[in-house]
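Colleague: Pasting in a structure now, in structure tokens, and then I'll have a few things to ask.
The values are calculated or read from the model by the stated rules, or taken from the named source; none is laboratory data. As the structure is a prediction and not an experimental result, all values here were calculated from the model. Ideal geometry is used to build each Cβ from the backbone, glycine not excepted, and the neighbour counts take in all protein chains shown. To get the accessible areas, we keep the full protein, side chains included, count just its heavy atoms, and leave off ligands, DNA and RNA. Shrake-Rupley method; radii C 1.70, N 1.55, O 1.52, S 1.80 Å.
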Amino acid sequence: LRFVPCTAQPQSQPQPQPQPDHRLFPLVLANKFTTTTTKTNMKVAAFLGLLPMADAFATLSARTTAHRALSAATGDSIEFSKYEGLGNDFILIDDRDKVSPSLTPEQSERLCDRNFCVGGDGVVFALKAPEEGDFDFTMRIYNSDGSEPEMCGNGIRCFAQFLQDLGEDAESYRINTLAGPIIPVMNSDNTITVDMGEPILDGPSVPTTLAPNSEHNSVLEQTHTCNGKEWKISMVSMGNPHAIIFVDDLENDIDFETDGPALESDTSVFPAKTNVEFVQVMSPTHLKMKVWERGAGPTLACGTGTCALVVAAIRAGKIPRPGKEGVRVTLPGGDLFIEWREENNKVYMKGPATLSFQGKASLK
């Protein structure tokens, strides 16, 4: 290579400088890939190859709200870690020294943009525990559309793995969430079992305005017309609302891309909107599902939805209540194992959470 000197150019009148815009430029650091599977490494390599640095940016809002000043201001750098649980992927932010997230919902939405930024189904913040109550940490989540869910099953597993990778070494963690206390337990086989608490069956508490038709004032396979079709809907909350619909054939009985969003946003019966799970019974111990998540759309996995549909399947007589081995639920991203224990009415979810890569986002 050789350098060619530039000839001097005549001076011209100074041009007005463009006003700076606020951009988030993710600098993906490839120094800590997981080596657990070739598949994970291929995902990371594909990400790096398909999203060149010069194109991977997203405009951020510089606005702050009246109630909260952002700790992540223009000029700051934000370190993040990318995790996935069965393909349901999240951007994890270490805010253990803070009581509220360091990004706004609008900034989180930009961060989740798969074309112009890091990409993800949501941003998960590890926050300090509240002063009151017996908690180790607080978890907050912003969906990819900027909305805030009460809880996320795959997100809580990624959260627990993130804590362990940060050096918070413990067999279990007591996490404060908007859905109440959640306790993930780290297993020796590199999976995580999460005590998801008791399901909420009372219709108005889910919430839904569908008429209760079963015990505990619950909604079980209640008829409702939406998107020009008649559905039999069961409602369960795992701290967030779920509408469960059983079908004979997942591939032919639904139009997923139109039925999913139509049901999600049908506020005539789901005042807080809802997650939608379409379920096919494969055997007494095996269910298969597709999920349209509230605020995220189609995802490869939904932990709370998996728990909710197992509860609905048992209550509707689709499957018997399983033993300690749980029910295998196949999602587009893989399998979760769910147990609804009769002795304490709690639901337990077992599945993986994997670090994909780490990076730094510079607010400019």
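Colleague: Sorted from largest to smallest, which semi-axis lengths in Å does the alpha carbon gyration tensor of the stretch 229-306 give for its equivalent ellipsoid, taking the root of 5 times each eigenvalue?
Modeller: 19, 14, 12
Colleague: Based on the mean of other beta carbon atoms within 10 Å per residue, what is the order of 106-115, 131-140, 249-258, most packed first?
Modeller: Packing proxy ranking, top to bottom: 106-115, 131-140, 249-258.
Colleague: Please compute the modelled spin-label separation between residue 262 and residue 128, points set 7 Å along Cα→Cβ, answer in nm with one decimal.
Modeller: So the two model labels end up 5.0 nm from each other.
Colleague: Shifting gears a bit: Note down the nm distance, to one decimal, between modelled labels 7 Å out along Cα→Cβ at residue 205 and at residue 253.
Modeller: If labels sit at residue 205 and residue 253, their model points lie 2.9 nm apart.
Colleague: Residue 214 versus residue 330, label points 7 Å from Cα toward the beta carbon: distance in nm?
Modeller: Those two pseudo-labels are separated by 2.4 nm.
Colleague: So how much slack lies between residue 321 and residue 98, counting 0.36 nm per residue of separation and subtracting their Cα-Cα distance, in nm? Walk me through the numbers on the way to the answer.
Modeller: Values: separation 223, 0.36 × 223 = 80.28 nm, distance 4.18 nm.
Going from the current span to full extension adds 76.1 nm.
Colleague: Also, I was wondering about something else. How large is ³J(HN,Hα) for each residue in the stretch 287-295, as worked out from phi by the Karplus curve 6.51 cos²θ - 1.76 cosθ + 1.60 (θ = phi - 60°), to whole Hz, x for Gly and Pro?
Modeller: Per residue, the Karplus-derived 3J(HN,Hα) values read 10, 10, 9, 10, 10, 10, 7, 4, x Hz.
Colleague: What is the distance in Å between the Cα centres of the stretch 191-243 and the stretch 314-364?
Modeller: Cα centres, the stretch 191-243 to the stretch 314-364: 18 Å.
Colleague: For a 28 Å ceiling on Cα separation, which of these pairs sit above it: 128/288; 82/318; 232/290; 273/318; 128/324; 290/324?
Modeller: 128/288; 82/318; 128/324
Colleague: Here's a follow-up. Using the Cβ atoms and a cut-off under 12 Å, what net charge is assigned to the surroundings of residue 201, where Lys and Arg are +1 and Asp and Glu are -1? Mind dumping the intermediate values first?
Modeller: Details: positive: 315; negative: 198, 202, 215.
Net local charge, residue 201 excluded: -2.
Colleague: Further question on the same structure: Could you sort 275-281, 182-188, 147-153 so that the peptide with the highest average Cβ count within 10 Å comes first and the rest follow in order?
Modeller: Answer by packing, highest mean first, reads 275-281, 147-153, 182-188.
Colleague: Right, another one. What is the Cα coordinate range of the stretch 149-224 on the first, second and third principal axes, sorted by size from largest, in whole angstrom?
Modeller: Sorted largest first, the three principal extents are 48, 23, 19 Å.
Colleague: Under the Kirkwood approximation applied to all pairs of distinct alpha-carbon atoms, what is the hydrodynamic radius of the stretch 287-331 in Å? Mind dumping the intermediate values first?
Modeller: Numbers: mean 1/r = 0.0886 Å⁻¹.
Over the stretch 287-331, the inverse of the mean reciprocal pair distance is 11.3 Å.
Colleague: On to the next question. Of 311, 247, which has the most accessible area and how do the rest follow, probe 1.4 Å?
Modeller: Details: 311 0, 247 20 Å².
Order by accessible area, largest first: 247, 311.
Colleague: For the stretch 214-344, give the percent of accessible area contributed by carbon and sulfur heavy atoms, probe 1.4 Å, rounded to a whole number.
Modeller: 46 percent
Colleague: Could you derive backbone 3J(HN,Hα) for the stretch 88-95 from the dihedral phi with the Karplus parameters 6.51, -1.76 and 1.60 (θ = phi - 60°), listing whole Hz in sequence and x where the residue is Gly or Pro?
Modeller: Working through the residues one at a time gives 7, 9, 9, 9, 9, 10, 7, 10 Hz.
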